[in-house]
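The values are calculated or read from the model by the stated rules, or taken from the named source; none is laboratory data. All values reported here derive from a predicted model rather than from experimental measurement. Because the Cβ atoms are built from the backbone with ideal geometry, glycine has one as well, and the counts that use them run over all protein chains shown. For the accessible areas, the whole protein counts, side chains as well, though only heavy atoms, and no ligand, DNA or RNA atoms are used. Shrake-Rupley method; radii C 1.70, N 1.55, O 1.52, S 1.80 Å.
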Amino acid sequence: MALASLDIRNRYRGSVLGPFWLTLSNAFMVVGLGLLYSSLFKMSLADYLPFIAVSLITWNTISTIVTDACTSLTSAEGIIRQLPLPYTVHILRCVWRNAVIAAHSLPIILAVFLFTGVWPGWEALWALPGLVLLGVNACALALFLGMLCARFRDIPPIVGSVMQLAFFLSPVLWKPELLGPGKADWLVLNPFYVVMETVRGPLVEGGASPGVWAAACLFTAAMAALALGFFIRFRGRIAFWV
């Protein structure tokens, strides 16, 4: 937590608003895209604005974590070579830093709910297990991608390209039902969608389906197993890779 707080202070040193610049940027994006796509999709603004607000903030958090995970170990090169700290310190540092930055955008969701008058019910509590799944995936990705990108330095640009493609293939700006009953069922094969839906669904759609929860738990378990196996096999080489 101390190292993550230091990273945030150094990143926004000399800035007046600090991380709230990102909050302001997200707010303008939510309003702009909400007005545009509610007209394109022929939806009422009160129905679409909460959806786009939660979707964008959740997706930006996922995208930032995936991108930052690529440098979770290489950015701590000096510490790794000088101090015998557990590698999990650097992984948790990456995850906590992004969690704190993402928390600065939470007031946008509250403001949108207040503006539209659409509030989630008790099913919103299911977003908490969704956040736990997101956190486990974040730790696993920071560990796996951190090691992979330390060994192969051409992986980060590939990850960036994949995230751009995943943004358009995942229902972030559009709702899943727009695909139709048959095609929408295939979305459970998209790991970004199912993890995002466990957080978004309880807040704006009355909850996520059991199939989404099952797929999210399956992808999370697979990602954690992959990261743990990779770490056990190659942990002794990390200091040489960075």
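Please state the relative contact order of the range 1-100 as a whole percent: Cα pairs under 8 Å, 6+ residues apart?
Taking the mean separation of contacting Cα pairs over the length of the range 1-100, I get 36 percent.
Under the Cβ-under-4.7 Å rule, which cysteines of the chain stay unpaired?
Isolated Cys, the chain: Cys94, Cys139, Cys217.
Residue by residue, what Karplus-based ³J(HN,Hα) values in Hz, rounded to whole numbers, does the range 182-189 have, using 6.51, -1.76 and 1.60 with θ = phi - 60° and x for Gly and Pro?
With coefficients 6.51, -1.76 and 1.60, one gets x, 6, 5, 5, 6, 5, 5, 7 Hz.
Per the 1.4 Å probe, what fraction of the accessible area of the range 119-237, in percent, lies on carbon and sulfur atoms?
The value for the range 119-237 is 74 percent carbon and sulfur by accessible area.
State, to one decimal in nm², a quarter of the convex hull surface area for the C-alpha atoms of the range 123-164, i.e. the direction-averaged projected area.
Spelled out: convex hull of the Cα atoms, projected over all directions, averaged, 3.6 nm².
Just to be sure I understand the curve: with the Debye formula and one point per C-alpha of the chain, what is log10 I(q)/I(0) at q = 0.08, 0.12 Å⁻¹?
Debye curve over Cα of the chain, log10 I(q)/I(0) at q = 0.08, 0.12 Å⁻¹: -0.33, -0.73.
Along the Cα→Cβ direction, 7 angstrom out, place labels at Ile79 and Arg11. What is the inter-label distance in nm?
Modelled inter-label distance: 1.4 nm.
Quick one: give the max-minus-min coordinate of the C-alpha atoms of the range 43-155 along each principal axis, largest first, in Å.
The Cα atoms of the range 43-155 stretch 54, 27, 19 Å along the principal axes, largest first.
Between Arg153 and Ala225, what's the calculated FRET efficiency when r is the beta-carbon distance and R0 is 22 Å? Round to 0.05.
Calculated value: 0.30.
If R₀ is 25 angstrom, what is the calculated FRET efficiency for the pair Phe234 and Met163, using the beta carbon separation as r and rounding to 0.05?
Taking R0 as 25 Å, the efficiency between Phe234 and Met163 is 0.55.
Along the positive direction of the dipole of the chain (beta-carbon charges: Lys, Arg +1; Asp, Glu -1; about the Cα centre), which of Gly32, Val195, Pro19 reaches farthest?
In the chain, that residue is Pro19.
Counting only protein heavy atoms, what percent of the accessible surface of the range 33-94 is carbon or sulfur at a 1.4 Å probe?
63
So what are the radius of gyration and Dmax for the Cα set of the range 29-90, in Å?
Cα radius of gyration and Dmax of the range 29-90 are 19.4, 58 Å respectively.
Got a sec? Which residues in the range 19-54 would a label at Leu114 touch, if it sits 7 Å along Cα→Cβ and we count backbone N under 17 Å?
Correct set: 23-24, 27-28, 31, 50, 53-54.
Label-point separation (nm) for Thr88 and Val100, each offset 7 Å from Cα along Cα-to-Cβ?
2.1
Calculated from DSSP H runs of 4 or more alone, at -39500 (n - 2.57) each and per residue, what is the 222 nm mean residue ellipticity of the chain, nearest 500?
Computed ellipticity for the chain at 222 nm equals -24000 deg cm²/dmol.
Per residue, what accessible area does the chain have, given a 1.4 Å probe and all protein chains present, in Å²?
About 53 Å² of surface per residue is accessible.
Mean Kyte-Doolittle of at least -1.0 plus a Cα span of 18 Å or more along the axis: flag which DSSP H helices in the chain meet both, please.
Those that clear 18 Å and a mean of -1.0 are 20-40, 45-69, 87-103, 127-151, 155-169, 191-204, 210-234.
Arranged from highest to lowest average of other beta-carbon atoms within 10 Å per residue, in what order do the peptides 141-152, 41-52 appear?
141-152, 41-52
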